[in-house]
Each structure stands twice: as C-alpha cells, then as structure tokens.
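Structure record follows, encoded as structure tokens.
The values are calculated or read from the model by the stated rules, or taken from the named source; none is laboratory data. All figures in this text were calculated on a predicted structure; none of them were measured in a lab. All Cβ positions, even for glycine, are placed from backbone atoms using ideal geometry, and neighbour counts span all protein chains on display.
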Amino acid sequence: MPLTPDASHAPSPPQPPSTLDEESSPQTRVKEHIASALSTILTELSSPDGHPSLTIKLRSNKVSARFISPRTGALETQVSDTYTTYTWPGKDYYEAWKFTVAMRVLSGIADAVDKGVVVSKRDIYYQDPAIFGSQRVVDRLVDDFAHTIGVDRVALNVGAAAKGLVVGCFHWRIKDQAMADDAHFLNADTLIPSPQDIQEMNVSDVDWVLILEKEAVYRRLAGMKYHVRSTAGLGILVTGKGYPDLKTRAFIRRLYDASRQPNKRLRFYALVDGDPDGMAIMSTYKYGSLAYAHENSTLNCSDIRWLGLRTSDIVTGVDRSGNDALVSLTDRDRKKILAMLSNNPVWAVDGPEQEGRAELLQMLMLNVKAEMQILYDGDGGLVQWLDRRMTHIS
Amino acid sequence: MSRVSALAPAAGKLSAHMFCVRIVSPSKQYLSCGSADNAHPTDIYGLAVTDKQILSASGSSSLKVHSTVDPDFPLVQSIDEAHKLGCHHVVTNSKGSRAASIGFVGEIAIWSCHDDIWSKDSIAPVNQAGSVGIWAIALSEDGQYLAGVSQDGHVKVWDLNANGEQIRDYETKGSFGTCIDLSADGRFLASGHENGSVYIFSTETGRMPFSLSGLVKPVRTVAFSPGGKFLAAAGDSKVIVLYDTSSGEQVANLSGHAAWIMSLSWSNTGEYLLSGSFDGKVKVWSIDTRACVATHSETEKSIWSVRWLPKVGRSEGFATAGASRSIAFYREATGG
C-alpha cells in the first residue's frame, strides 16, 4: 500500500508550513493555512518552471526518548517533528499521485470550511474513489492536515462518517430539512445523523426497536419491510455495522428517552452473533464502552433485551439449524472472552449480565461460536425466528 | 437376580415387544435422594468424588466441598478465590488425599486434604502450565501423577511427588484437547480431541499404541473402566463408543442420547456406565447387555458433569451437576 512517504521524505522542513501565532482561533488558522498553501501552489503553477508542492508534518512521530518528566512526574515521550513534501510532477508516479490526492483532500476541506458544512472522510473519498484507491488514504491525509495545522479534526469541518443505518415507523425532523421526513418508511439507507441535528422525534406508532450487529441482516430485514410486517407490531430497525459509533449509540438513547412515556414503552432488542464480539457489541449499546467511559451515562440504553444468538440454543437444537452452524473459537476469540470476563464489570460474577457471563463461559467450555447466517436456513428463516423471539421475550 | 426384580413399574403396561426388550435389559431405578441447591452462583462444570466428599467447580472463583457421608450432603468447605475467572475441571485421587483443578485462564492448582480439610499445595512447575494452554486434567489413583491435554493437542504428565516435574510430553495432530483420563493402574492415558480423535498412550513406554477411530465430531469425555479393559468416549456425535484397550478395537456403540454427551463415569465395579448430556438427560448403561437401564430427565438444563458415588451398603448412587447450578444426588432403589 503506497502510504509510506519515505520516497519523498525530507529530513528538514523546506518551509515551516504554519507560523501563525498560537492565539488565533482554530478556524482562522485552518483558513489561513489553506489560503497560503493554495496561493503558493497557484504562484508556482503560473510560473513556467514552477514546482507546486505541499508540505505535511508527519504524525508518525519518531519517539526519541521515553522518560519520566521531572516537572510533572509523568511518563512522557520526546518526539522530533518530521516533514514531507510532495511536489508536482515529482520524481516518480508515486509522488505525483500523492500530490494529487493530498490536493484533493485539501480542496475537500477548503470547500467544507468555506461553506460552513461538516463533511465526512467518506464524503471526500467518494468524490473520486478511483484516484484515492482506499478510504484509508483519505483518513490519513485528513489527520495529517489537522496535525500539520495543529488543530483538531473538527476544526477542518470533517466529521466521522455517519455509519449507522435506520429504517422504521417513526417520524423525525432533521435540521435543515423543511418537512418531517417520512422517507425512511421506504428508504432503507437512512444514515443516522448527529444527535444535535435531530430536532424532533415521534415514536408514538412504534412498539419495538431491533438493534442488529450485522449490516447484511439489517438489509435483509429492511428489504422485506420487517419493521411493518412483524407480528410483534410496528418497529424500527437499526444497525451500527459492528461496534456502533457514538452517533448510533446516541440515536438509540434518543429513542429510549423519547419512548419513556407514561402510557407506552418501546421494547428494545439486540440481535448479535453468538461470539465474543457480538456479546461485546450488545454490551456497548446497553452499558457503554470502556473507551468512552466518561460519556456512557448519556449514551447507554439499559432496557435492551438480548434476543440471541445463543450457542446453547443451537447446541440443544432449539433453533433446529443443526450443529454444523457452529464454528470453533479462534485463539483471539478465547483471549477476547478472558479479557472481557476479567476487565469489564458487565460480565463479573456479581455483575448485571449473568446470562451473558454463562454464555461466554460456555463458549470457552464448548470452544464454539455461532454466526448469524445460520438463522437464514432455520425453520421458516430469520423472520419467523424473530417473530417468535420478540413475542416470547416481552 | 436383584437386577431382574428391579423392573420399572411401567414395564407391565408396555406392549409385548417392548416387554421383551425390557427383559433383555432389565431397567434399574435410581431415586433422587437429595441435592445441594444453588451450590454455586453459576453453572457447575466439574465434579470430583472421594470416599466421603464431592468437590465441585463452576464459573465462579470458589470450589465447594460437600459431604457425601451425611444424608443431607452439607457444605463442609468453600475454597474461596481458588480460580479468579472460574474453574472447569476438578479431579481427585480416589482415597481423597490430593486434588487438582484448572481455571479458565489455564492456571492449575494442586490441593491436599488433611482431616477432611483441603489446602493449596505449592508445586511450582505445574503452576506454569498456564503458559502451555492446558485445558483438561486427570490425576492418577495414588495422586502422584497429573496428566493434562492442551489446546494445541499436547498431552503432558507431571510427577507431583517430584515437585511437579514434567516427565512426559506427547504430541498429537494439534486438535484442541477437550478431555483426558488415566487408567486406574496408571499404565494408560487417553485423550479426546475436538476433531474426533481419541488417543491411548502407554505411560511406561511413552508410545502411542492406538489412535482410535469411530468419532468424527468433537469428543467431550473419555473414561477408562475400573479394570482398564475398556475406554469409553463420547461427545457431539451423541453416541458412546466403547473400545477394547488391549486391541484398540471398537467393541460397542451405545446410542440413545439426543444431545451432546458431556460427561461419563464408570461405576466402581465396572458394570455400569453413567452419562450426562447437554439437554439435561442422565443415563445409566449396562456394560453386560450394552443397553440403557435408566434415564433421568428432571431438568432441561445442561448436564456438565456426572460421577458415581462410593457404594453405601449394597446400593450405588451418583451425582449430577450443570447449568442448574445445583448438585443432584441419586441412589439405587433397593428391595421393592
């Protein structure tokens, strides 16, 4: 992967990219940096033998020392700044490409800052997937520019890509959209927006919310309009595509808060793989993550009921899908389970998820896990399984 | 013949054909005779029996010791903080002087018993076994040798009287080792694996005389008969296979379980084999007739471990435990 810029690595900075004083606001610094970088390039372009170039301060800091700071008593590291410069047309294809993609990313950022809108790294990538080649190229450059200018990524007006998807029988009003949006009844691809962009939410028609680990399962259910057709009533389908991002978690919490009305309560279900990651994902929605411990109390949804998948249901034939649906745990799975059991109070012997703890131990005992795909083949398939479970566990 | 007179009361109502079958394999009755309710706060994975006690291991950190001499099966000792994340195998020698247990992190603990009270031994090399990924363990009758099978299919033996020195290391094809047993005379070692393999090793020569065929699905339990003539193996294929240990031949298939078989135990005389399965069923098999003579299905919760108890008078009994978190005790119905 052509990500290491060693070919054009310059040991000393040809020009300090930013000499703005520390006092100016991040937004100002971003604008001034972009303006000066672009004007330098334009000047070079307009001269007959000019060499337009872009200089980036590398984030892969060379750690030259680890030490206990005598001043703070803390473990600190000493890093030396390194810069790299991409010139057009450069000495080879790689440098030319690198200059081009860096320009594309910078103009994407400039555009967002100019218009005052927040774009995602994904938006920038999709402006020209062919030239970027992969999302990671964009991600790294955005972070490189933020580092070079010395600001947080938010100051570049680049947010994390919306990841979660939702479809269901609810009404909401999104910031900058004139009408309450009913499109999600039809369109399964509604990305979950930032919590502050949801101005109104009405869930009065809804009986349940089903949180899905797998996007494939979400698409299957959304495609057959399970949120309308379920025997358990009208519902909302949500997926965070694996481990949920903060927006998806905030959205679930928003639903949870909106549903706490005196006369009616939404039922929340989670359908995850019968493996350690599935259990950890369920726990992230329900209790929060260790990484965002300080925000968990505003993001969790303590009412979530765990629908499955349980390895025991498959072993005992409750799901009649056959034991062939079980897969051996990998070494990583076993280590992950042990780490979950020892580090996370959710799975403690006196913790809130006794059934989950027993399930994790049972995976270790039997050395098996179960993935969602097996439900497709079971008796009556996924839909009947869900209808049964959601009516049964209520 | 007391066995014939112990026909199930229901047998009289069965059809002639069924009745014939019953004659061939007279059923036996085992009655519930007590239980240690909620002995553990989580599933019980392992039981070990001595002449007067039963030790149990679970997904919590304590090992529990109940008396089997007292008809109320009281708790006599709780060994707290034995294994931080819980314990899946506990084994003892038959006279009850030594025990070994292995926790989910792979750590092995050796215990010795004085005046019916267990305390931890510090036998050092075995304590490093965690790094080699041992899963199941077995202890020799005299308590001198500890055997273990690892997640990468190695079978190891330690001499506990020589400060836990490792004296054997057999290599197999690398499939996860799920279960292990030592013959009563200590001459043979058997291991069962996730890929269905069953191996018998000679502890004297260090050779592997037999790699046994017959099971293709994961093996969950292996057990030598008291005289060492047979090895019984079972698991996900729901069938118990009996092997002749002198020839390696498969001599019988005992079928009847409808779920994975998690645990096997031989009666003291070797006449009966006890089995427990994931659907909560417990069966007693006659080795003479190769037939199931009793089935218990009080619970639908998984059975993880079954063990015969020491004989009291003429009557034999057994204990079962699993996801019910309780230990259930049964005794053979005597007389009529």
Residues located in region B:32-57, provided they are touching a residue at least 60 places away in the same chain (Cβ under 8 Å), under 15 Å from the mean Cα position of the chain (by Cα) and within 14 Å of chain A (Cβ to nearest Cβ): B:I44, B:Y45, B:G46
Members of region B:69-83 that are within 12 Å of another protein chain (Cβ to nearest Cβ) and either of a type in the set (A, V, I, L, M) or touching a Gly at 6+ places or on another chain (Cβ under 7 Å) (or both): B:H83
Residues being part of a helix (DSSP H, G or I), at the interface with another protein chain (Cβ under 10 Å from one of its Cβ atoms) and either basic (K, R) or surrounded by 15 or more Cβ atoms within 10 Å (Cβ to Cβ) (or both) - total across region A:342-358: 4
Among residues of region A:59-91, those that are at pLDDT 75 or above and either in contact with a helix residue (DSSP H, G or I) (Cβ under 7 Å, 6 or more places away or on another chain) or at positive phi (or both), counted: 7
Residue list for region A:143-164, restricted to those being part of a helix (DSSP H, G or I), surrounded by fewer than 20 Cβ atoms within 10 Å (Cβ to Cβ) and of a type in the set (A, V, I, L, M, F, W, C): A:V154, A:A155
Scan of region B:291-304 for residues that are in contact with a strand residue (DSSP E or B) (Cβ under 9 Å, 6 or more places away or on another chain), within 11 Å of chain A (Cβ to nearest Cβ) and within 17 Å of B:S32 (Cβ to Cβ), ordered by number: B:K301
One residue from A:A339, A:A270 being modelled with pLDDT of 90 or more, within 30 Å of B:P218 (Cα to Cα) and in the same structural domain as A:L246 (by the TED database): A:A339
Qualifying residue in region B:182-191 (condition: hydrophobic (A, V, I, L, M, F, W, C), within 14 Å of chain A (Cβ to nearest Cβ) and part of a loop (DSSP other than H, G, I, E, B)): no
Members of region A:118-132 found to be assigned to a helix (DSSP H, G or I) and either surrounded by 15 or more Cβ atoms within 10 Å (Cβ to Cβ) or in contact with a helix residue (DSSP H, G or I) (Cβ under 7 Å, 6 or more places away or on another chain) (or both), listed by number: A:K121, A:R122, A:D123, A:I124, A:Y125, A:Q127, A:I131, A:F132
Filter result for B:T172 (among the β-branched types (V, I, T), away from chain A (no Cβ under 14 Å), surrounded by 16 or more Cβ atoms within 10 Å (Cβ to Cβ) and farther than 27 Å from A:Q362 by Cα): no
Single unsatisfied condition, B:I110 versus (1) at pLDDT below 95; (2) of a type in the set (V, I, T); (3) closer than 24 Å to B:K311 by Cβ: (3)
Residue that is modelled with the highest pLDDT, among those in region B:316-336 that are among the polar types (S, T, N, Q) and surrounded by fewer than 21 Cβ atoms within 10 Å (Cβ to Cβ): B:S326
Tabulated pairs, region B:301-315, first at pLDDT below 95, second among the charged types (D, E, K, R), C-beta under 7 angstrom, 6+ apart or interchain: B:P310/B:D51; B:S315/B:R331; B:S315/B:E332
Candidate set: region A:359-378, residues that are touching a Phe, Trp or Tyr at 6+ places or on another chain (Cβ under 8 Å) and at pLDDT below 90; chosen: the one surrounded by the most Cβ atoms within 10 Å (Cβ to Cβ): A:L375
Subset of region B:293-315 that is among the small types (G, A, S) and either over 27 Å from A:L366 (Cβ atoms) or in contact with a Lys or Arg (Cβ under 6 Å, 6 or more places away or on another chain) (or both) - its residue that is surrounded by the most Cβ atoms within 10 Å (Cβ to Cβ): B:A294
Exclusive hit being surrounded by 14 or more Cβ atoms within 10 Å (Cβ to Cβ), within 14 Å of another protein chain (Cβ to nearest Cβ), modelled with pLDDT under 90 and on the phi < 0 side of the Ramachandran plot, set A:S321, A:S312: A:S312
